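Visitor: If you scroll down you'll find the structure; I have some questions about it.
The values are calculated or read from the model by the stated rules, or taken from the named source; none is laboratory data. These numbers were taken from a predicted model, which means no experiment stands behind them. Don't worry about glycine lacking a Cβ; one is built from the backbone with ideal geometry, like all the others, and counts go over all protein chains shown. When the accessible area is computed, the model is the full protein with side chains, heavy atoms only, and any ligands, DNA or RNA have been set aside. Shrake-Rupley method; radii C 1.70, N 1.55, O 1.52, S 1.80 Å.
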Amino acid sequence: MSLQGNLKEFSLSEIFRLIDLSKKSGRLVIGQDNLEGTILFREGKIILGRTLENRQPLGIRLVESELISQDELDEALASQKKNGRPPLRLGEILISKGKIEKEILERFVQEQILDSLFEIFGWTKGVFYFEQGVSLE
């Protein structure tokens, strides 16, 4: 399924509902002026979201919350770079090294997604396209 259009014709809630009801997996990209947001779906459910503007990386969020140290973040990022393609996600590395619990990581990822969605749902004009089976990478 390939879906594209203008936000004046279809609201974001209508687009989300269509993806959810059809249980599609893929990437939804929304653009407004010079802003861009990306939301990743798996079987119709949101699993990741980000905007290029005002996006605070997960690692920085964890350091600022004092759940990991800057050194632990740097070590995990270095490990991520050496891992090759496709790289392991930062959270997977931190969990495997025992630096953070899975439940805490999931909470921070959910906050990151909600921040992105909150920003994107404020956009009332622009364009969108959905590519089935495409990830964020």
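Visitor: At ILE95 and GLU75, where each label point lies 7 Å from the Cα along Cα→Cβ, what is the point-to-point distance in nanometres?
Guide: With each label point 7 Å from Cα toward Cβ, the separation is 1.9 nm.
Visitor: A further question on this structure: Give me the 1.4 Å probe accessible area per residue for the chain, excluding ligands and nucleic acids, in Å².
Guide: In whole numbers, the chain has 62 Å² accessible per residue.
Visitor: May I pose another question? Among VAL109, GLY126, PRO57, which residue has its Cα furthest toward the positive end of the charge dipole of the chain, with +1 on Lys/Arg Cβ and -1 on Asp/Glu Cβ?
Guide: GLY126
Visitor: To the nearest 20 debye, what is the magnitude of the charge dipole of the chain about its Cα centre, counting +1 on the Cβ of each Lys and Arg and -1 on the Cβ of each Asp and Glu?
Guide: With only Lys, Arg, Asp and Glu charged at Cβ, the dipole is about 520 debye.
Visitor: Which value, to two decimals, describes the C-alpha radius of gyration of segment 29-137 once divided by 2.2 N^0.38 Å?
Guide: Compactness ratio reported: 1.16.
Visitor: Say R0 is 25 Å: what FRET efficiency, to the nearest 0.05, do SER25 and TYR129 get from their beta-carbon distance?
Guide: Efficiency at R0 = 25 Å is approximately 0.95.
Visitor: Now, a different point. Taking R0 as 30 Å, what FRET efficiency do you get between GLN4 and ILE104 from their Cβ-Cβ distance, rounded to the nearest 0.05?
Guide: Taking R0 as 30 Å, the efficiency between GLN4 and ILE104 is 0.20.
Visitor: Under a 1.4 angstrom probe, counting protein chains only, how are THR51, THR124 ranked by accessible area, largest first?
Guide: Solvent-accessible surface, decreasing: THR124, THR51.
Visitor: Quick check: at a probe of 1.4 Å, how many percent of the accessible area of segment 5-98 sits on carbon and sulfur atoms?
Guide: Its accessible area is 47 percent carbon and sulfur atoms.
Visitor: Taking every DSSP beta bridge that has both residues in segment 1-134, what percent is antiparallel when rounded to the nearest 5?
Guide: 100 percent
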